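Novice: Take this structure first; my questions come after.
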Amino acid sequence: MWRVSTLLNEPTGTTGTQTGFVEPAPSALLLLGQGRDLASERGVECTGALPAPSDPDLVERARAARAALGDRAFVLGHHYQRDEVIDFADVTGDSFKLAREAAARPEAEFVIFCGVHFMAESADILTSDAQQVVLPDLAAGCSMADMAEIGQVEEAWAVLQDAGIADEVVPVTYMNSSAAIKAFTGRHGGTVCTSSNAQVALRWAFDRVGGVDGNGKVLFMPDQHLGRNTAVRQLGMSLDDCVVFDPRKPMGGLTTQQLRDARMILWRGHCSVHGRFSERNVADVRAAVPGVTVMVHPECKNEVVSAADLVGSTEFIIKALDAAEPGSSWAIGTELNLVRRLAKAHPDKQVHYLDSTVCFCSTMNRIDLPHLVWAMESLVAGRVVNRIVVDADDAHWARVALDQMLALPGI
Ligand code: SF4
């Protein structure tokens with residue numbers, strides 16, 4: 001018997017025995033698979049009085065420090081952050097929206113970035129020299145961004161030069177990359193993109209080398225899936241137009257002819273969170289939930305986005321849920337903190353998580369309330385901790401690439 005239950009410690013008003021059937025609570029996130037495997041801890045749910053998720057004393061300290069900082073600080077919260085952190089964010093958004101918000105607050109002395117390292121770097125690049133950007137935990141990196149290092153990218157460019165095609169290649173880097181790689185992109189006439197504007201950015205890039213139907217190429221870093229999905233689904237290219245450049249192999253593991261024939265040269269990188277979703281997950285949820293709409297992020301594999309009903313950025317996913325009919329059923333393939341928050345915000349809809357296992361972004365989760373309190377209390381005491389500073393030359397060229405993105409049509 002297939003049974004769904006609420007996630008983790010959200011009370012359901014039911015006791016959930018090993019043999020009983022528990023109706024899904026309409027206001028809670030439904031975790032595909034939970035409740036089916038009754039011999040494991042995935043088959044059980046927490047009920048009754050539970051401790052608060054955050055220490056109330058710590059919440060009070062956070063409130064006091066935030067009040068003491070007032071307008072001197074501006075707190076940004078990425079959608080994938082924990083609820084206890086989002087509660088203190090002045091604005092929430094995806095990386096693109098937060099970069100713009102940071103740039104639009106010149107009066108804030110401190111920008112406290114509750115997100116990951118590359119986002120804080122972008123905030124430092126886009127804010128004035130008088131502003132200081134703080135990342136509450138320096139260990140909050142991004143495994144995808146770490147899959148492309150500047151030395152590897154420079155070596156890859158040398159391979160393209162040796163193949164005689166560098167002049168017909170425009171680099172496009174996803175926001176989820178280091179400042180050094182954004183700077184590389186700026187120096188070589190390319191642009192940054194996000195999951196919201198990848199199609200526009202790629203069209204712009206191809207227009208610089210003969211158009212989408214020409215012979216020019218894009219070197220897309222570091223997320224192969226976003227690059228492939230955008231090229232195939234939105235630009236009408238074929239999978240054969242795309243090759244994957246593996247920086248750990250000589251010549252990226254490609255022949256000169258393969259590089260010359262390619263239109264999209266995709267860096268071998270991926271998101272460890274979105275890369276987990278599979279076609280099987282989509283098939284399972286369709287079988288279990290009649291009429292469900294499957295919506296996934298474009299960082300998912302091509303076979304997953306092909307099997308889904310809707311594909312879009314986190315901002316797209318949020319808007320789609322807002323506009324959905326009451327009573328409708330959704331299975332969402334993106335980071336779990338966001339999906340869980342959406343489930344709470346939409347008690348009139350059934351929101352399922354598109355995986356049978358819990359999958360938070362572990363690096364996003366490094367930012368927790370203790371780190372945020374420590375960062376804010378330090379600022380109150382006159383100490384700037386964990387400041388993110390991009391070196392001046394990289395900052396200049398990365399800004400060129402970011403400004404190019406902000407100047408794209410329709411952005
Ligand atoms: S969700 Fe993926 S891309 Fe986003 S920060 Fe985590 S690892 Fe990086």
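Derivation of every value follows stated rules applied to the coordinates shown; laboratory data play no part. Not measured: the values here are computed from a predicted model. Ideal geometry is used to build each Cβ from the backbone, glycine not excepted, and the neighbour counts take in all protein chains shown.
Novice: Please sort 145-151, 347-353, 334-340 by packing, taking for each peptide the average over its residues of neighbouring beta carbons within 10 angstrom, highest first. Please report the intermediate quantities before stating the final value.
Specialist: Details: 145-151: 18.4, 347-353: 20.4, 334-340: 23.9.
Averaged packing, sorted descending, gives the order 334-340, 347-353, 145-151.
Novice: If you take the square roots of the eigenvalues of the alpha-carbon gyration tensor of the chain and sort them as a ≥ b ≥ c, do you get rounded (a/c under 1.5), prolate (a/b over b/c) or oblate?
Specialist: Cα axes put the chain in the oblate bin.
Novice: If you average the sequence gap of Cα pairs under 8 Å that are 6 or more apart and divide by the length of the chain, what percent do you get for the contact order?
Specialist: 22
Novice: What is the packing order of peptides 174-185, 62-73, taking the mean over residues of other C-beta atoms within 10 Å and listing the highest first?
Specialist: Most protected by this proxy first, the peptides run 174-185, 62-73.
Novice: To check my understanding: the extent here is largest minus smallest coordinate of the Cα atoms along each principal axis. What are those three numbers for the range 145-266, in Å, largest first?
Specialist: So the extents along the principal axes, rounded to whole Å, are 31, 30, 23.
Novice: Residue by residue, what Karplus-based ³J(HN,Hα) values in Hz, rounded to whole numbers, does the range 255-265 have, using 6.51, -1.76 and 1.60 with θ = phi - 60° and x for Gly and Pro?
Specialist: Going residue by residue, I get 8, 4, 5, 4, 5, 5, 7, 6, 9, 10, 9 Hz, with x marking Gly and Pro.
Novice: Please state the charge dipole magnitude for the chain, taken about the Cα centre, from unit charges on C-beta atoms (+1 on K and R, -1 on D and E), reported in debye and rounded to the nearest 20. It would help to have the intermediate numbers written out before the result.
Specialist: On the way: 36 positive and 52 negative charges, 99 e Å.
It comes to approximately 480 debye.
Novice: Moving on to the next point. Springs between alpha-carbon pairs under 10 angstrom, Gaussian network model over the chain: which of A345, A156, A120 fluctuates most?
Specialist: So, out of A345, A156, A120, the one fluctuating most is A345.
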